[in-house]
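Trainee: Before we start, here is the structure in question, set down as structure tokens.
Readers should treat all values here as calculations from the given coordinates under stated rules, not as data from a laboratory. What you are looking at is a predicted structure, and each value in this text was computed from that prediction instead of being measured. Cβ placement follows ideal geometry from the backbone for every residue including glycine, while neighbour counts extend to all protein chains displayed.
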Amino acid sequence: MALGKEAIELATKIGYGFADLTYLETALTHSSYTNEMRKRGIKASSNERLEFLGDAVLEIVISEHLYSSFSKYREGALTKMRQRLVCEKTLARIANTLDIGSYLNLGNGEESADLRHRPKVLADALEALIGAVYLDSLAKGEEGYKSVILSLFADEIEAAENQRTDYKTMLQQLAEQEGSSLLEYRVVSEDGPEHNKLFTVEALINNNVVGRGSAQTKKDAEMQAARMALQLFGVVV
């Protein structure tokens with residue numbers, strides 16, 4: 001089965017050495033290619049089954065990592081982080097950084113449709129690649145697939161963590177989800193000398209106080225008030 005580029009090149013990019021390159025080749029083979037091969041009487045396997053497997057492997061590895069790394073977050077917050085990490089948009093973005101599209105085997109008709117650049121095709125191919133790494137790892141008696149996945153998703157995990165610690169953004173999103181558009185912060189006191197003030201701020205949703213925080217800057221006090229509100233709503237611990 002011919003690949004657009006040497007399969008080993010992509011394996012090097014993800015930092016994994018395949019014992020059986022057949023897994024990798026299958027992961028990069030779209031159903032449009034196998035359909036054409038079958039019409040010619042040539043047996044070939046598409047990446048659809050590996051995609052199915054990779055989807056499940058990715059979810060459990062990401063879930064396990066979030067559970068062990070973010071102990072302060074409750075189930076709801078962890079679920080939202082995972083949803084962001086395993087969504088099609090994120091998968092396609094990672095696939096693009098690997099240039100997976102250039103390695104795909106596509107049918108001639110799909111080539112003209114420029115399918116190799118479509119987000120869903122790229123996301124599916126990344127899941128299939130994960131499935132391929134998983135099966136090859138198991139065949140070698142290793143769990144190398146975990147480190148490969150976490151390495152591929154490292155930047156996205158960091159971005160998700162940074163977003164989750166922006167308590168004001170989190171509270172704004174929560175308020176909007178609950179149908180409450182009026183979120184505001186109000187300074188209730190300023191204590192201490194000019195060079196060392198302590199600001200106390202309340203967070204209000206629809207004029208109801210939902211949190212209070214104190215800090216040496218208004219911005220930090222607002223962040224603390226937002227965090228207290230999120231604790232009240234059970235989003236963070």
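Trainee: Using modelled amide H (1.01 Å from N, peptide plane; none on Pro or chain starts), what sits under 5 Å from the amide H of Thr29, excluding residues fewer than 5 places away?
Mentor: Asn47, Asn105
Trainee: Which percent of Cα-Cα pairs in the range 115-237 sits in each 5 Å bin, short to long?
Mentor: Each 5 Å bin holds this share of Cα pairs: 2, 10, 13, 13, 11, 9, 9, 8, 8, 7, 5, 3, 1, 0.
Trainee: Can you tell me the dipole magnitude for the chain around its Cα centre, using point charges on the Cβ only (Lys, Arg +1; Asp, Glu -1), in Debye to the nearest 20?
Mentor: 240 debye
Trainee: Further question on the same structure: Can you work out the FRET efficiency for the pair Thr217 and His117, with r the C-beta to C-beta distance and R0 = 35 Å, to the nearest 0.05?
Mentor: Using R0 = 35 Å, I get an efficiency of 0.15.
Trainee: With only alpha-carbon pairs counted, each pair once and no self-pairs, how large is the Kirkwood hydrodynamic radius of the range 167-232 in angstroms?
Mentor: Result for the range 167-232 stands at 11.7 Å.
Trainee: Out of every Cα pair in the range 7-164, what percent are spaced more than 22 Å from each other?
Mentor: 41 percent
Trainee: Which of the peptides 19-30, 125-136 is most tightly packed, and how do the rest follow, judged by the mean count of other Cβ atoms within 10 Å per residue?
Mentor: 125-136, 19-30
Trainee: So which aspartates and glutamates can Lys140 reach, going by Cα to Cα under 13 Å and dropping same-chain residues fewer than 8 places off?
Mentor: Cross-link targets: Asp20.
Trainee: With both bridge residues required to lie in the chain, what share of the DSSP beta bridges run antiparallel, to the nearest 5%?
Mentor: Roughly 95 percent of the beta bridges in the chain run antiparallel, per DSSP.
Trainee: Name the residue, out of Ser63, Ser214, Ser180, whose mean-square fluctuation peaks in a Gaussian network model built on the chain with Cα pairs under 10 Å.
Mentor: Result for the chain, Cα springs under 10 Å: Ser180 fluctuates most.
Trainee: For the cross-link pairs Lys13/Lys39; Lys146/Lys218; Lys89/Lys168; Lys13/Lys120, which exceed 31 Å when the distance is taken from alpha carbon to alpha carbon?
Mentor: Those over the limit are Lys13/Lys39; Lys146/Lys218.
Trainee: When only Cα pairs under 8 Å and 6 or more residues apart are kept, what is the percent relative contact order across the range 1-158?
Mentor: About 36 percent, as a whole number.
Trainee: Let me ask something additional. Could you name the aspartates and glutamates in cross-link range of Lys197, using Cα to Cα under 14 Å and dropping any fewer than eight places away on the same chain?
Mentor: Correct list for Lys197: Asp220.
Trainee: Could you list which residues have their amide H under 5 Å from that of Val188, counting only those 5 or more apart in sequence or on another chain, with H placed in the peptide plane?
Mentor: It is Thr200, Val201, Glu202, by chain and number.
Trainee: Another question, if that's okay. Hey, in the GNM for the chain with a 10 angstrom Cα cutoff, which one of Ser147, Ser189, Ser71 fluctuates hardest?
Mentor: Looking only at Ser147, Ser189, Ser71, the biggest GNM fluctuation is shown by Ser189.
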